[in-house]
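Notes follow the structure.
The values are calculated or read from the model by the stated rules, or taken from the named source; none is laboratory data. Owing to the predicted nature of the structure, the values given are computational and were not obtained by experimental measurement. Every residue, glycine as well, gets a Cβ built from its backbone with ideal geometry; the counts of neighbours run over all protein chains shown. Each accessible area value is taken on the protein alone, full model and side chains, heavy atoms only, with ligands, DNA and RNA left out. Shrake-Rupley method; radii C 1.70, N 1.55, O 1.52, S 1.80 Å.
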Amino acid sequence: MSGTSSIRAAVAADAPALAGLLGQLGYPTDTTQAAARLARLLADPQAAVFVACRDGPVVGLATVQAHVALNRDAPAVQLTLLVVADGLRGSGIGRALVAAAEDWTRRHGAGRLVVTTASHRTGAHAFYERLGYASTGRRYARGL
């Protein structure tokens with residue numbers, strides 16, 4: 001992996017870069033929207049936003065959110081978003097972001113990290129399987 005990469009907690013000034021990454025993932029987002037969404041997550045003690053930087057600029061993003069459920073003693077954490085900039089996928093940045101999410105999960109006393117990904121993202125499925133994640137079911141959604 002060429003270049004110097006690091007993972008850190010996101011800050012409000014990252015909103016423009018996050019908007020660009022969301023667009024690359026297929027979620028067109030302007031800077032104002034990204035800033036508002038980021039502010040909500042940063043204010044939530046049960047959530048975290050991590051960014052990957054390479055030689056300065058933000059080139060990756062991961063978000064996690066913890067929740068408690070009646071069917072488990074320990075909380076669970078969901079990796080709700082993972083994206084690495086076009087051209088840098090396969091360079092280890094995604095793996096580093098997932099490692100940060102796993103570390104956050106352990107530090108928050110959660111018993112598991114859950115990942116969901118759209119059916120058409122076969123590359124993402126293979127990525128998570130390489131990291132040891134197993135398919136455990138299906139996800140259904142309905143707009144309301």
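Overview of values
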{"read-out": "Flag for Ser91 being over 13 Å from the mean Cα position of the chain (by Cα) and surrounded by 19 or more Cβ atoms within 10 Å (Cβ to Cβ)", "value": "yes"}
{"read-out": "Some residue of the range 3-13 being among the charged types (D, E, K, R) and over 14 Å from the mean Cα position of the chain (by Cα)", "value": "no"}
{"read-out": "Scan of the range 1-11 for residues that are open to solvent by 80 Å² or more (accessible area, probe 1.4 Å) and farther than 16 Å from Val64 by Cβ, ordered by number", "value": "Met1, Ser2, Thr4"}
{"read-out": "Residues within the range 58-87 that are surrounded by 14 or more Cβ atoms within 10 Å (Cβ to Cβ) and within 19 Å of Ala34 (Cβ to Cβ), tallied", "value": "15"}
{"read-out": "Options Gly90, Gly111: the member that is closer than 18 Å to Glu129 by Cβ and at pLDDT below 90", "value": "Gly90"}
{"read-out": "Residue within the range 124-137 that is in a strand (DSSP E or B), closer than 22 Å to Pro28 by Cα and open to solvent by less than 40 Å² (accessible area, probe 1.4 Å) present", "value": "no"}
{"read-out": "Condition met for Ala34 (over 24 Å from Ala124 (Cβ atoms), modelled with pLDDT of 95 or more and not basic (Lys, Arg))", "value": "no"}
{"read-out": "Selection within the range 12-35 - among the hydrophobic types (A, V, I, L, M, F, W, C) and loosely packed, with under 12 Cβ neighbours inside 10 Å", "value": "Ala12, Ala13"}
{"read-out": "Residue tally, condition open to solvent by less than 60 Å² (accessible area, probe 1.4 Å) and either touching a helix residue (DSSP H, G or I) at 6+ places or on another chain (Cβ under 8 Å) or under 20 Å from Asn71 (Cβ atoms) (or both), over the range 99-110", "value": "3"}
{"read-out": "First in the range 11-22 and over 7 Å from Ala34 (Cα atoms), second anywhere and open to solvent by 10 Å² or more (accessible area, probe 1.4 Å) and among the small types (Gly, Ala, Ser), Cβ under 7 Å, 6 or more apart", "value": "Ala12/Ala35; Ala12/Ala39; Leu21/Ala85"}
{"read-out": "Close pairs (9 angstrom Cβ cut-off, 6 or more residues apart or separate chains): part of a helix (DSSP H, G or I) in the range 96-108, of a type in the set (Lys, Arg) anywhere", "value": "Ala100/Arg8; Thr105/Arg112"}
{"read-out": "Number of positions in the range 35-58 that are free of Cβ contacts under 8 Å to residues at least 40 places away in the same chain and in contact with a Leu (Cβ under 9 Å, 6 or more places away or on another chain)", "value": "4"}
